[in-house]
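The values are calculated or read from the model by the stated rules, or taken from the named source; none is laboratory data. Here the structure is a predicted model, which means the values were calculated and not measured. Note: ideal-geometry Cβ built from the backbone for every residue, glycine included; neighbour counts use all protein chains shown. Note: accessible area is taken over every heavy atom of the protein model, side chains too, but ligands, DNA and RNA are not part of it. Shrake-Rupley method; radii C 1.70, N 1.55, O 1.52, S 1.80 Å.
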Amino acid sequence: MHDSFIGREKELADLNELYLQDKFQLFVLYGRRRVGKTTLLNEFCKGKDTVFYSAEQSNNKLNLEKFSSLVFSFYGESNLEPFSSWTNALSYIDERQKDKRLVLVIDEFPYLVKKNKALLSELQHLIDHRLINGNIFMILCGSYMGFMEKEVLGSKSPLFGRRTAQLHMKPFNYQTSSKFLEGFSDVQKLELYGAFGGTPLYLQQISADESVEENIKRAYLKVISYLYEETLLLLRQEVQEPGVYSAIIEAIASGYTKANEISTKIGEDSAKCLKYIRTLCELGILHKETPFGEKESSRKTIYGISDFMFRFWYRYVFSNRTLIETGAQKVVWEKRIEPDYNSYMGLVFEKVCMDYLSVKNANGDLPILFTSVGRWWGTNPVTHGQEEIDLVANDGKDYIFGECKWRNEKLDISVLNGLKEKADIFSKNRANTYYMLFSKTGFTDSLTDKAKSDSSIILVDLNEIMNF
């Protein structure tokens with residue numbers, strides 16, 4: 001078993017630093033399911049006085065009763081009547097604590113508010129008139145990200161301005177994920193990252209004693225395997241009609257990425273479909289993408305699957321379930337996954353290159369310090385065909401254009417020339433331009449020579465991406 005605490009050391013240190021400030025704290029922690037929020041909180045609470053309540057999807061009365069008995073057992077009381085309100089419960093804690101530090105965690109906080117809309121205002125009043133003078137370290141935690149951002153952190157929320165800190169916990173990037181994958185080659189590490197994503201719990205399913213193929217077959221292609229039901233379990237936990245949501249994700253995994261394509265594919269009207277897509281975005285399962293430099297409302301908007309585990313599952317498991325349930329895992333691997341996997345990895349590799357670029361940018365290691373980065377797609381005015389640029393980053397009129405190739409052959413000059421042409425279609429109004437080429441298998445000699453004599457060409461191979 002890996003140390004489950006890889007990669008969250010900084011978050012833990014930040015929490016402990018806040019804990020040492022002797023005053024009331026309201027810390028808001030949110031992020032997608034399974035991303036490790038509860039693990040972080042458990043680690044943080046070790047050795048500290050803690051009341052840790054996980055809200056349930058029942059109703060306000062039952063939640064309050066459960067919370068009451070938790071509080072009473074913390075103070076060694078029994079046979080007391082449950083609190084009649086959250087205000088009474090929290091006031092009781094505040095009273096009992098006096099100035100002694102206490103960590104009070106409310107996990108799955110959105111469940112409480114959905115059943116009791118007045119809770120946010122109640123909390124606000126309590127903080128302003130009472131808790132602010134005490135020593136409670138309150139943590140509100142939730143995985144419904146849209147809800148946490150709007151209802152808890154947003155400017156219209158009663159709690160606006162009350163929080164003392166917040167953390168949006170994200171899945172690991174490829175670098176941290178690789179720490180779970182010791183013993184594999186660089187190519188294998190990324191192939192596994194492409195299938196399992198950056199979620200610690202999924203990465204822990206990987207065994208170093210098995211090949212990439214064996215790991216995927218064991219984790220995904222058996223009816224009893226851990227990840228076989230995972231996506232549907234997560235959806236059922238969050239939404240009323242998992243079937244429709246599931247169909248939307250599958251459509252996107254199959255390449256239908258525009259809203260109108262998705263609604264046509266699943267046979268639902270577009271307004272309803274958009275509402276569902278929005279919910280999936282708020283849950284952090286999907287994300288919305290517009291071409292670099294265009295408005296949010298662009299007609300070219302597309303949707304992508306944020307989590308590689310979801311993307312892999314809907315591309316390879318969902319449509320092959322009948323086969324898997326008859327024990328055909330070998331065939332599914334050989335006929336469906338293996339021949340297609342390099343093309344599946346194209347998008348994964350783009351994300352990896354984007355993360356690499358962001359880290360290099362933060363370290364000041366690039367020829368420009370860019371302020372925005374993204375992908376671009378649009379129409380070639382000459383051929384009227386669709387053109388795509390994998391990476392565009394800019395600082396004013398200085399640009400970096402990037403091309404990412406997950407191929408088994410060396411990348412040659414024609415790719416560079418193609419990128420230059422696409423850059424001209426994107427914009428002719430540029431000062432300094434740099435071209436970055438990322439390749440799984442390295443570069444031809446002629447391209448390497450050209451890059452040596454031309455500082456605007458930057459070549460990045462797999463070894464550099466994985467080990468810089």
query = Which members of region 455-468 meet the condition of being surrounded by fewer than 14 Cβ atoms within 10 Å (Cβ to Cβ) and not in a helix (DSSP H, G or I)?
reply = S455, S456, F468
ask   = Given the residues W376, W313, which is the only one that is in contact with a Ser or Thr (Cβ under 6 Å, 6 or more places away or on another chain), modelled with pLDDT of 95 or more and surrounded by 15 or more Cβ atoms within 10 Å (Cβ to Cβ)?
value = W313
request  = Give just the number: which of (1) without any contact (Cβ under 8 Å) to a residue 60 or more places away in the chain; (2) touching a His at 6+ places or on another chain (Cβ under 9 Å); (3) assigned to a helix (DSSP H, G or I) does C281 not satisfy?
outcome  = (1)
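From the list I277, I224, I249, exactly one residue is open to solvent by 50 Å² or more (accessible area, probe 1.4 Å) and closer than 29 Å to E56 by Cα. Which is it?
Numbers: I277 fails: open to solvent by 50 Å² or more (accessible area, probe 1.4 Å); I249 fails: open to solvent by 50 Å² or more (accessible area, probe 1.4 Å).
After applying the criteria, what remains is I224.
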query = Listed residues G364, G385; which is open to solvent by 20 Å² or more (accessible area, probe 1.4 Å) and at pLDDT below 95?
reply = G385
key: Filter result (of a type in the set (D, E) and either open to solvent by less than 30 Å² (accessible area, probe 1.4 Å) or not in a helix (DSSP H, G or I) (or both)) within region 422-454   = D454
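When the residues of region 328-337 are narrowed to those that are surrounded by 13 or more Cβ atoms within 10 Å (Cβ to Cβ) and of a type outside the set (F, W, Y), which ends up farthest from V212 (Cα to Cα)? Walk me through it before giving the result.
Step one: list which residues in region 328-337 are surrounded by 13 or more Cβ atoms within 10 Å (Cβ to Cβ), which gives 328-329, 331-333, 335-337.
In the following step, the residues that additionally are of a type outside the set (F, W, Y) were identified as 328-329, 331-332, 335-337.
Details: A328: 18, Q329: 14, V331: 16, V332: 15, K335: 16, R336: 15, I337: 12 Å.
The selected residue is A328.
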key: Selection from region 243-271 of residues that are touching a Ser or Thr at 6+ places or on another chain (Cβ under 6 Å) and part of a loop (DSSP other than H, G, I, E, B)   = none
message = Just to verify a result, which residue in region 293-310, among those that are within 23 Å of the chain's Cα centre (by Cα) and of a type in the set (S, T, Y), is most open to solvent (accessible area, probe 1.4 Å)?
response = S297
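Only one of N42, N79 is out of contact with any helix residue (DSSP H, G or I) (no Cβ under 8 Å at 6 or more places or on another chain) and closer than 15 Å to V105 by Cα; which? Steps first, answer last, please.
Numbers: N79 fails: closer than 15 Å to V105 by Cα.
Sole residue among the options that is out of contact with any helix residue (DSSP H, G or I) (no Cβ under 8 Å at 6 or more places or on another chain) and closer than 15 Å to V105 by Cα: N42.
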query = Which one of the conditions (1) acidic (D, E); (2) touching a Phe, Trp or Tyr at 6+ places or on another chain (Cβ under 7 Å); (3) within 23 Å of A393 (Cβ to Cβ) does E282 fail to meet, given that it meets all the rest?
reply = (3)
query = Tell me, which residue of region 86-114 that is of a type in the set (S, T, N, Q) and within 27 Å of K37 (Cα to Cα) is most open to solvent (accessible area, probe 1.4 Å)?
reply = T87
